[in-house]
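Worksheet: one structure, shown below.
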Amino acid sequence: MNWGDYKKWLLENILERKEGGDKYALLPTTQEKYLVMGGEELEEALNDFLASVDRKHGDITYYSLREWKEGESWEELFPERREILFGVRKKKTPPSEKAWNDLIRLYNYWGTEKEREEKLREQAKELWTEVEQEGKEVVTSLVSETSEKNNFFVRYQNWLRAYELLGKEAQQNLRGHKKLIEKDQNSLHKGNERRAKREQWLTKRIEEIEEVVEMLENQLSLSANQKVGNARTFFISLLTGLIIVAIIAVTVYLTRDKLIPILRNLLR
């Protein structure tokens, strides 16, 4: 890798050529995507920098760049801003402090891109392994947990957000991973919607059962006051008990997704 590789990254991800000229402007997405201040100062600094990258051997028109070294940050390559001049020799002004901070941020994004690409590849494999081991039903029950470790939706969203910060070449390398991540995210989202509808339906059934129980309890109380025969009282009591058992069964069914992981942990 060398300064030419960095220039290629800038032209693919940060800059676009201005109409009717040989200068470059920031892409509309650059400031928000890479959290830089941007503006004309950064555009000017980057244009001067690119001019220095393009300097031919023996050409004294442009300032030459410091020799590029693998693994060194921008601050290590250029330790003193006020001593750095990019572009043509007649220019005597270093980049502004605002533009300098943006230059640091952009260069260090590029410098760590391979590591971030590999990290996302590993995180995707971890997610797929966990989903396969736990099973889709159990994973779906965990999407609403507050713990980020268990909240698969948050982890998918974080992965996709980090993916968007990569350059086009790195994104292309992970294109297949991105499609599978999005597919799993959509699958879990649909599973969670089905689970929510099921819980809503069961909750309504419970409310209906509770209404019946209340009605029977009123009848039982009324029957006791009227000293109705023991057989009728026993029958109403038995029916009330059966309905209460039904409520317990429905409640267990309603919460079974959350009970499964607990039971698994107990059996391990």
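The values are calculated or read from the model by the stated rules, or taken from the named source; none is laboratory data. Just so it is clear, the structure is predicted and the values come from calculations on it, not from any experiment. All Cβ positions, even for glycine, are placed from backbone atoms using ideal geometry, and neighbour counts span all protein chains on display.
Some values worked out for this structure:
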item: Flag if residue 70 is modelled with pLDDT of 90 or more and acidic (Asp, Glu); result: no
item: Residue that is under 19 Å from the mean Cα position of the chain (by Cα), surrounded by fewer than 16 Cβ atoms within 10 Å (Cβ to Cβ) and at pLDDT 90 or above, where the choices are 149, 125; result: 125
item: Test: residue 87 is at positive phi, within 36 Å of the chain's Cα centre (by Cα) and not aromatic (Phe, Trp, Tyr); result: no
item: Lone unmet requirement of (1) of a type outside the set (S, T, N, Q); (2) in contact with a Phe, Trp or Tyr (Cβ under 6 Å, 6 or more places away or on another chain); (3) assigned to a helix (DSSP H, G or I) for residue 117; result: (2)
item: Output for segment 66-103, where each listed residue is closer than 24 Å to residue 18 by Cα, of a type in the set (S, T, N, Q) and not in a helix (DSSP H, G or I); result: 93, 96
item: Top-ranked residue of segment 26-36 - restricted to ones that are modelled with pLDDT under 95 and not in a loop (DSSP other than H, G, I, E, B), ranked as surrounded by the most Cβ atoms within 10 Å (Cβ to Cβ); result: 30
item: Filtered residues of segment 12-50 (kept if in contact (Cβ under 8 Å) with a residue 60 or more places away in the chain and of a type in the set (Ser, Thr, Tyr)); result: 34
item: Count - residues of segment 13-36 that are touching an Asp or Glu at 6+ places or on another chain (Cβ under 6 Å) and farther than 27 Å from residue 67 by Cα; result: 1
item: Residue match in segment 51-65 (condition: more than 30 Å from residue 174 (Cα to Cα), touching a residue at least 12 places away in the same chain (Cβ under 8 Å) and either in a helix (DSSP H, G or I) or assigned by TED's automatic domain parsing to the domain that holds residue 170 (or both)); result: yes
item: Residues of segment 16-35 classified as among the hydroxyl-bearing types (Ser, Thr, Tyr) and more than 29 Å from the chain's Cα centre (by Cα), total; result: 1
item: Flag for residue 120 being out of contact with any Gly (no Cβ under 7 Å at 6 or more places or on another chain) and over 30 Å from residue 152 (Cβ atoms); result: no
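Per-residue answers, yes or no, for (1) exposed (fewer than 12 other Cβ atoms within 10 Å of the Cβ); (2) at pLDDT below 90:
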residue: 39; (1), (2): no, no
residue: 50; (1), (2): no, no
residue: 62; (1), (2): no, yes
residue: 91; (1), (2): no, yes
residue: 96; (1), (2): no, no
residue: 99; (1), (2): no, no
residue: 103; (1), (2): no, no
residue: 115; (1), (2): yes, no
residue: 118; (1), (2): no, no
